[in-house]
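Asker: Here it is: the structure, laid out below.
The values are calculated or read from the model by the stated rules, or taken from the named source; none is laboratory data. These numbers were taken from a predicted model, which means no experiment stands behind them. Cβ placement follows ideal geometry from the backbone for every residue including glycine, while neighbour counts extend to all protein chains displayed.
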Amino acid sequence: MDLSTPTTRRDRQRAATVAEIKAAARKLLVEGGASAVGLRAVARELGLSAPALYRYFGSHEDLISALIADLYDELTDALIELRDGDPEADLGGKLFLVAGGLRDWALAHPAEFGLLFGAPVPNPHADDHDLTAGHLAAMRFGAVFKDLVAQIYRQKPFPHPAEEQFGAELVAQLKQNSEFFDGMPAGAVYLSLTYWTRLYGLICMEVFGQLHWALEDAGAYFEAQLFEIGEALGLDCPPPESGVPAGGQ
């Protein structure tokens, strides 16, 4: 039995009310941005008093964290479905699918994307970090990408810069985080972060309308960037204009 499933009538009623509160908060987010998601505004949306919400969420931060967790889980589930939906896809193909899936979700849900990726994630190495439900969900999302890259590296190590090309401070940080990349060497972690920030930055610029001055439709540019990254990772990628699904090894 799933222990997280409400078992009593009271628990089911509470779970239903919590779901309604989060749905109202998401509606306000989409209509007015993150600043519109206040406890009083959510209460008005549901026809409740603001104090009544405190029986379900102790603070505004708790509500936002719960909403962030739900959104990350929704996004992660969508990416995992893409990753595992084609049994014929190899690791490279899966990486291309989830990268494209992230862009598609972000463009379809710009307000939700802004909430998720506009908040800092606590440093897991810090002594005073506070991993909320939202931050734990963010880590599950990140694992979809980093685990794929780590699997690609284990299957066929891709070339990466030598440690001598970096300063000692950067090398120390990369090695510290090597455990999150399945023990990949510092240079491979560096490239993984470089390619992630490259794609993430491109998606952010497109979602927030920062590429219209140069590109009416950034989709072809995104595919070209994926092609370059795939080649650098040693994947056998047909050029985007070929019309053949990329990612074969």
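To keep it simple, each residue is scored yes or no on (1) over 20 Å from G93 (Cβ atoms); (2) in contact with an Asp or Glu (Cβ under 7 Å, 6 or more places away or on another chain); (3) of a type in the set (A, V, I, L, M).
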{"site": "V149", "(1), (2), (3)": "no, no, yes"}
{"site": "F158", "(1), (2), (3)": "no, no, no"}
{"site": "E164", "(1), (2), (3)": "yes, no, no"}
{"site": "A168", "(1), (2), (3)": "yes, no, yes"}
{"site": "S192", "(1), (2), (3)": "no, no, no"}
{"site": "Y200", "(1), (2), (3)": "yes, no, no"}
{"site": "C204", "(1), (2), (3)": "yes, no, no"}
{"site": "W213", "(1), (2), (3)": "yes, no, no"}
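Asker: Quick check: is even one residue across segment 66-85 farther than 17 Å from G134 by Cβ and among the hydroxyl-bearing types (S, T, Y)?
Answerer: Checked against the condition, which is being farther than 17 Å from G134 by Cβ and among the hydroxyl-bearing types (S, T, Y), segment 66-85 yields no hits at all.
Asker: Now, a different point. Return only the number of the condition from (1) assigned to a loop (DSSP other than H, G, I, E, B); (2) assigned by TED's automatic domain parsing to the domain that holds L131; (3) not small (G, A, S) that T7 does not satisfy.
Answerer: Result: T7 fails condition (2) only.
Asker: Hey, another quick one. Quick check on segment 53-78: of everything there that is among the aromatic types (F, W, Y) and buried (at least 18 other Cβ atoms within 10 Å of the Cβ), which residue is farthest from G101 (Cα to Cα)? Spell out the reasoning first.
Answerer: First, the residues of segment 53-78 that are among the aromatic types (F, W, Y): 54, 56-57, 72.
Of the ones still in play, those that are also buried (at least 18 other Cβ atoms within 10 Å of the Cβ) are 57, 72.
Details: F57: 32, Y72: 13 Å.
Among those residues, the one meeting the criterion is F57.
Asker: On to the next question. Could we say that L215 is without any contact (Cβ under 8 Å) to a residue 24 or more places away in the chain, within 30 Å of A111 (Cβ to Cβ) and loosely packed, with under 15 Cβ neighbours inside 10 Å here?
Answerer: So L215 fits the description; yes.
Asker: Could you go through segment 139-151 and let me know if any residue there is in the same structural domain as G92 (by TED's automatic domain parsing), touching a residue at least 24 places away in the same chain (Cβ under 8 Å) and over 30 Å from A220 (Cα atoms).
Answerer: The answer is no; no qualifying residue exists.
Asker: When R44 is evaluated against the numbered criteria (1) surrounded by fewer than 16 Cβ atoms within 10 Å (Cβ to Cβ); (2) touching a residue at least 60 places away in the same chain (Cβ under 8 Å), which criterion, by number, is the only one it fails?
Answerer: (2)
Asker: For segment 4-16, does any single residue satisfy the condition of being over 27 Å from the mean Cα position of the chain (by Cα), in contact (Cβ under 8 Å) with a residue 12 or more places away in the chain and over 16 Å from G118 (Cβ atoms)? Outline the logic, then answer.
Answerer: As a first pass, look at segment 4-16 and keep what is over 27 Å from the mean Cα position of the chain (by Cα): 6-14.
With the extra rule that they be in contact (Cβ under 8 Å) with a residue 12 or more places away in the chain, the set shrinks to 14.
Imposing the further condition that a residue be over 16 Å from G118 (Cβ atoms) reduces the set to 14.
Yes - at least one qualifying residue is present in segment 4-16.
Asker: Being of a type in the set (S, T, Y), in contact with a Pro (Cβ under 8 Å, 6 or more places away or on another chain), more than 27 Å from L71 (Cβ to Cβ) and crowded, with 17+ Cβ neighbours inside 10 Å is true for just one of Y153, Y190. Which residue is that?
Answerer: Values: Y153 fails: in contact with a Pro (Cβ under 8 Å, 6 or more places away or on another chain).
The unique qualifying residue is Y190.
Asker: Turning to a different aspect of this structure: Which residue out of L148, L191, L174 is among the aliphatic types (A, V, I, L, M), part of a helix (DSSP H, G or I) and under 14 Å from F96 (Cα atoms)? Reasoning before the result, please.
Answerer: On the way: L191 fails: under 14 Å from F96 (Cα atoms); L174 fails: under 14 Å from F96 (Cα atoms).
Going through L148, L191, L174 in turn, just one is among the aliphatic types (A, V, I, L, M), part of a helix (DSSP H, G or I) and under 14 Å from F96 (Cα atoms): L148.
Asker: Just give me the residues in segment 160-198 being within 18 Å of E228 (Cα to Cα) and touching a helix residue (DSSP H, G or I) at 6+ places or on another chain (Cβ under 6 Å), in sequence order.
Answerer: H160, P161, A188, V189, Y190, S192, Y195
Asker: Only one residue in L174, L226, L235 is in contact with a Gly (Cβ under 6 Å, 6 or more places away or on another chain), at pLDDT below 95, crowded, with 17+ Cβ neighbours inside 10 Å and of a type in the set (A, V, I, L, M, F, W, C), so which one is that?
Answerer: Details: L174 fails: in contact with a Gly (Cβ under 6 Å, 6 or more places away or on another chain); L226 fails: in contact with a Gly (Cβ under 6 Å, 6 or more places away or on another chain).
Checking each option against the conditions leaves just L235.
Asker: Right, another one. Checking A50 against (1) surrounded by 13 or more Cβ atoms within 10 Å (Cβ to Cβ); (2) modelled with pLDDT of 90 or more: exactly one of these is not met. Which one?
Answerer: (2)
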